[in-house]
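Heads up, the thing below is written out as structure tokens.
The values are calculated or read from the model by the stated rules, or taken from the named source; none is laboratory data. Owing to the predicted nature of the structure, the values given are computational and were not obtained by experimental measurement. Every residue, glycine as well, gets a Cβ built from its backbone with ideal geometry; the counts of neighbours run over all protein chains shown. In case anyone asks, the SASA skips ligands and DNA or RNA and just uses the protein heavy atoms, side chains included. Shrake-Rupley method; radii C 1.70, N 1.55, O 1.52, S 1.80 Å.
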Amino acid sequence: MNAILTILLLTLFVVLHELGHYISARRSKIAVSEFFVGFGPKIFSFKRNNTEYGLKAILLGGYVKIPGMDENEPVSNYKKEELFHTASWKKKLYIASAGILVNFFLAWIILFSIFAFYGIDQPTLEIATIGNSISNPNDDAPSKKAGLMPGDFIYSFNGLEVNSWEELVSIIELNPEKDVSIGYIRNSQLYLTTTKLESRDLNNKPSGYLGVSPVLERQTLGLLQAIPATTLVEIDMTKAAVKGIFTLFNPSTLGALLGTYTGEKIPDEVRPLSPIGLAQAGDQIAEGGYVNLFSLLAFVNIFLAVFNSIPLVPLDGGRVVLALYEGITGKKVEDKKLYPIAAVVIFIFVFLGITAFYLDITQPIRLWNLIEEKHDKLN
């Protein structure tokens, strides 16, 4: 059920993205020839004001078709001033960027709703779980060797008072393979223990590892507090999406993805996801609560916005760059000159799309593995 809900919401977000293009085109008096929900065989449609609206069989998104996006495409039944390529650069910029802005706005609304009406889970200094050794999973972690237990509250590390989980993590990471002292509270009594931290590779650098995870405490935010919190989280998610895009299109990643078809195991952290994969991820993450699912969907909206912002045609970002170039220089770039770039972009996207579907069918993603790996980095 959660997988179906994820697909339906993903489709809704894509349709709303396209609705942004539709509304901006209509407001700019630029024609829209088609507005369909879904892809594939047509189920039904109707025509109104020279626009065909309808539903197609594969409900994995939707699309809007605006005549004249390519100045060389044949068009009929439209006035010259209704075509995209004859519009002013400001109208082109408005239409091309509208879908991107819609996805950013949707993400903001989802995150704001979570913060304002549910709250945010913050890590505390109380220990929730004790992990295993990094070097030998069958061995005890340094935390267990130190005698720490779930429910203990850490108040100092190496003689330094710690006031937050983030502060504790930063000190732990600076002390790989070192003997450390830990002050903790158990049953209202103060204790001091020692242990030797393990070392692991984190961002290509040795990092200390203790092997504990924190108890999360929900903090409610007022409406005014939720506004800056939402904005900051959206900025962080946008940075993560940009990093993900660079990772995805890195030549080494593309080369690794080619190994999909020779039977190689592809790491979950670099693989692209198809709608099937997103449905799998949504189904798994919803087990931890619908707040987690909607947080994922907020990130999906941001990823869609960042992905469509890539400054290459035929993506929206490419149209944005062309509109800005026309506005700054007063010159248009002929569409024919962009065909080779568009062909390469489409080829890469088709490759990634086919690979994503293939991986999601043959190697279903295990999202909780990724969450646990990320969680491990915090302790």
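Annotation for the range 65-74: no member residue is surrounded by fewer than 21 Cβ atoms within 10 Å (Cβ to Cβ) and assigned to a helix (DSSP H, G or I).
Residue pairs whose Cβ atoms lie under 6 Å apart, sitting 6 or more positions apart in sequence or on different chains, and linking a residue in the range 288-311 that is more than 17 Å from I245 (Cβ to Cβ) to a partner that is open to solvent by 30 Å² or more (accessible area, probe 1.4 Å) and not in a helix (DSSP H, G or I), are V291/Y118. Note on the range 259-282: among residues that are farther than 10 Å from L359 by Cβ and under 16 Å from the mean Cα position of the chain (by Cα), the one that is surrounded by the fewest Cβ atoms within 10 Å (Cβ to Cβ) is E269. Of all the residues in the range 75-109, those that are β-branched (V, I, T), modelled with pLDDT of 95 or more and crowded, with 16+ Cβ neighbours inside 10 Å number 3. Here is the figure for the range 175-192: residues that are within 37 Å of the chain's Cα centre (by Cα) and polar (S, T, N, Q) total 1. What do you reckon, is P228 without any contact (Cβ under 8 Å) to a residue 24 or more places away in the chain and under 30 Å from W108 (Cα atoms)? Here the answer is yes, as P228 does meet what is asked. Of all residues in the range 194-206, those satisfying the criterion of being touching a helix residue (DSSP H, G or I) at 6+ places or on another chain (Cβ under 9 Å), of a type outside the set (K, R) and closer than 19 Å to K144 by Cβ are T195, L197, E198.
Table: residues versus (1) within 16 Å of A146 (Cβ to Cβ); (2) open to solvent by 40 Å² or more (accessible area, probe 1.4 Å); (3) in a strand (DSSP E or B).
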| residue | (1), (2), (3) |
| --- | --- |
| V180 | yes, no, yes |
| G183 | yes, no, yes |
| L221 | no, no, no |
| T231 | no, yes, no |
| K243 | no, yes, no |
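The rows are residues; the columns are (1) of a type in the set (A, V, I, L, M, F, W, C); (2) farther than 18 Å from P206 by Cβ; (3) open to solvent by 50 Å² or more (accessible area, probe 1.4 Å); (4) in contact with a Ser or Thr (Cβ under 7 Å, 6 or more places away or on another chain).
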site	(1), (2), (3), (4)
S133	no, no, no, no
P142	no, no, no, yes
D152	no, yes, no, no
L160	yes, yes, yes, no
N163	no, yes, yes, no
E166	no, yes, yes, no
I172	yes, no, no, no
N187	no, yes, yes, no
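Looking across the range 333-350, the residues that are in contact (Cβ under 8 Å) with a residue 12 or more places away in the chain and open to solvent by 30 Å² or more (accessible area, probe 1.4 Å) come down to E334, K336, I341, I346, I348.
Tell me whether the range 47-63 contains one or more residues that are buried (at least 17 other Cβ atoms within 10 Å of the Cβ), in a helix (DSSP H, G or I), among the charged types (D, E, K, R) and modelled with pLDDT of 90 or more. Looking through the range 47-63, none of the residues is buried (at least 17 other Cβ atoms within 10 Å of the Cβ), in a helix (DSSP H, G or I), among the charged types (D, E, K, R) and modelled with pLDDT of 90 or more.
Taking the residues in the range 193-215 that are in a loop (DSSP other than H, G, I, E, B) and surrounded by 17 or more Cβ atoms within 10 Å (Cβ to Cβ) as candidates, determine which candidate is nearest to the chain's Cα centre (by Cα).
G211
Out of all the residues in the range 139-151, is one or more farther than 30 Å from L197 by Cα and modelled with pLDDT of 90 or more? There is no residue in the range 139-151 that is farther than 30 Å from L197 by Cα and modelled with pLDDT of 90 or more. Pairing residues of the range 201-213 that are over 27 Å from E126 (Cβ atoms) with residues that are open to solvent by 10 Å² or more (accessible area, probe 1.4 Å), at Cβ distances under 6 Å and at least 6 apart in sequence or on separate chains, gives P206/P176; P206/S199.
Of the helices (runs of 4 or more DSSP H) that lie entirely inside the range 272-379, those containing 2 or more residues that are farther than 30 Å from T86 by Cβ and at pLDDT below 90 span 275-285, 290-308, 335-362, 367-376. Residues in the range 120-138 that are in contact with a helix residue (DSSP H, G or I) (Cβ under 9 Å, 6 or more places away or on another chain) and either under 30 Å from F13 (Cβ atoms) or among the acidic types (D, E) (or both): I120, D121, Q122, P123.
Restricting attention to the range 91-127, the residues being without any contact (Cβ under 8 Å) to a residue 12 or more places away in the chain and under 12 Å from A305 (Cα atoms) number 1. Checked against (1) more than 21 Å from L10 (Cα to Cα); (2) open to solvent by 50 Å² or more (accessible area, probe 1.4 Å); (3) assigned to a helix (DSSP H, G or I), A256 passes all but a single condition, namely (2).
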